[in-house]
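Reading through the structure tokens given below for one structure.
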Ligand SMILES: [Zn+2]
């Protein structure tokens, strides 16, 4: 009974949206989360937000079923002409179409994000974008309780965000610089990079004008690190 109620809530929280692929120009539809149907229930220390009905990350990676081009929703349409050529040459020519369930499973969410990461690397996308996709893959592995893969993708996200913080312009997908530094500190702590975590944390805590939300989390993390060492 509970499952039926949950399935109904899941169906009501999603709708079909059509997309035109910027690489092959063909149309396809994908489920999209409706605004306002889904509330944040809790947030992990590295800012993985848990929702009441549906995990929006599962529906955030779009894969064109015709040519294999994939990207996160916000980045899907923005491709330069030469990037389209690289995707066509390196992905579309060897793409074997696969079908996904109507309601994306965690495993399928991982697969779609890996396709998005592949397209991002192929289009020579920004390091921050690659890091953001890697972080979401790590989070899905966390839900799958696959710790080895979670840590491997957290490491990739950590390296990408630290590089992006020194070379690229923020915000990246809505994450501002101080939030990214806090996330890097927390991910670094999870990976055992304690001195780097402390370094980023010190910047966050002493930064003027930082949001209370991030500052409180940064102080919690500082406390956690002090008690762990
Ligand atoms: Zn396509």
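The values are calculated or read from the model by the stated rules, or taken from the named source; none is laboratory data. What you see is a predicted model; the values in this text were computed from it and never measured. Ideal geometry is used to build each Cβ from the backbone, glycine not excepted, and the neighbour counts take in all protein chains shown.
Count of segment 143-171 residues, restricted to those that are touching a residue at least 40 places away in the same chain (Cβ under 8 Å), over 18 Å from residue 182 (Cβ atoms) and surrounded by 15 or more Cβ atoms within 10 Å (Cβ to Cβ), is 2.
Yes/no matrix, rows are residues, columns are (1) over 23 Å from residue 14 (Cα atoms); (2) not assigned by TED's automatic domain parsing to the domain that holds residue 8:
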position	(1), (2)
97	yes, no
100	no, no
103	no, no
120	yes, yes
136	no, yes
149	yes, yes
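Within the set of pairs 6 or more residues apart or between chains, which connect a residue that is in contact (Cβ under 8 Å) with a residue 60 or more places away in the chain and under 10 Å from residue 10 (Cβ atoms) inside segment 26-40 to a residue that is part of a strand (DSSP E or B) and more than 16 Å from the ligand (Cβ to nearest atom) with Cβ atoms less than 9 Å apart? Short answer, once both residue conditions are applied: 31/14; 31/15; 31/16.
Tell me, please, whether a residue that is over 16 Å from residue 112 (Cα atoms) and near the ligand (Cβ under 10 Å from one of its atoms) can be found in segment 64-77. No.
Could you figure out which of (1) under 29 Å from residue 74 (Cα atoms); (2) more than 18 Å from the chain's Cα centre (by Cα) isn't true of residue 173? The failed condition is (2). The listed residues are 16, 7, 44, 27, and the only one of them that is more than 15 Å from residue 117 (Cα to Cα) and within 12 Å of the ligand (Cβ to nearest atom) turns out to be 27.
Scanning segment 47-61 for residues that are touching a helix residue (DSSP H, G or I) at 6+ places or on another chain (Cβ under 7 Å) and farther than 15 Å from residue 134 by Cα, we see that the one that is farthest from the ligand (Cβ to nearest atom) is 53.
In this structure, does residue 78 turn out to be surrounded by fewer than 16 Cβ atoms within 10 Å (Cβ to Cβ), touching a helix residue (DSSP H, G or I) at 6+ places or on another chain (Cβ under 9 Å) and either without any contact (Cβ under 8 Å) to a residue 24 or more places away in the chain or not assigned by TED's automatic domain parsing to the domain that holds residue 169 (or both)? Judged against the criteria, residue 78 is not a match. From the residues in segment 81-105 that are farther than 30 Å from residue 53 by Cβ and within 11 Å of the ligand (Cβ to nearest atom), which one is surrounded by the most Cβ atoms within 10 Å (Cβ to Cβ)? Ranking the candidates gives 87 first.
Could you grab me the full set of residues in segment 117-134 that are without any contact (Cβ under 8 Å) to a residue 24 or more places away in the chain and within 19 Å of residue 58 (Cα to Cα)? Walk me through how you get there before you give the answer.
In the first step, residues of segment 117-134 are kept if they are without any contact (Cβ under 8 Å) to a residue 24 or more places away in the chain; the result is 117, 121.
The one that is without any contact (Cβ under 8 Å) to a residue 24 or more places away in the chain and within 19 Å of residue 58 (Cα to Cα): 117.
Number of residues in segment 143-198 that are closer than 23 Å to residue 220 by Cβ and part of a helix (DSSP H, G or I): the value is 31.
Applying the set (1) more than 19 Å from the chain's Cα centre (by Cα); (2) in a helix (DSSP H, G or I) to residue 74 leaves exactly one unmet item: (1).
Please determine, by comparing only the residues of segment 9-43 that are in a loop (DSSP other than H, G, I, E, B) and out of contact with any helix residue (DSSP H, G or I) (no Cβ under 8 Å at 6 or more places or on another chain), which one is surrounded by the most Cβ atoms within 10 Å (Cβ to Cβ).
Keep residues of segment 9-43 that are in a loop (DSSP other than H, G, I, E, B), which gives 21-26, 34-39.
With out of contact with any helix residue (DSSP H, G or I) (no Cβ under 8 Å at 6 or more places or on another chain) added as a condition, the list becomes 21, 25-26, 35-36, 39.
Numbers: 21: 24, 25: 11, 26: 12, 35: 7, 36: 7, 39: 10.
Among residues in segment 9-43 that are in a loop (DSSP other than H, G, I, E, B) and out of contact with any helix residue (DSSP H, G or I) (no Cβ under 8 Å at 6 or more places or on another chain), the one surrounded by the most Cβ atoms within 10 Å (Cβ to Cβ) is 21.
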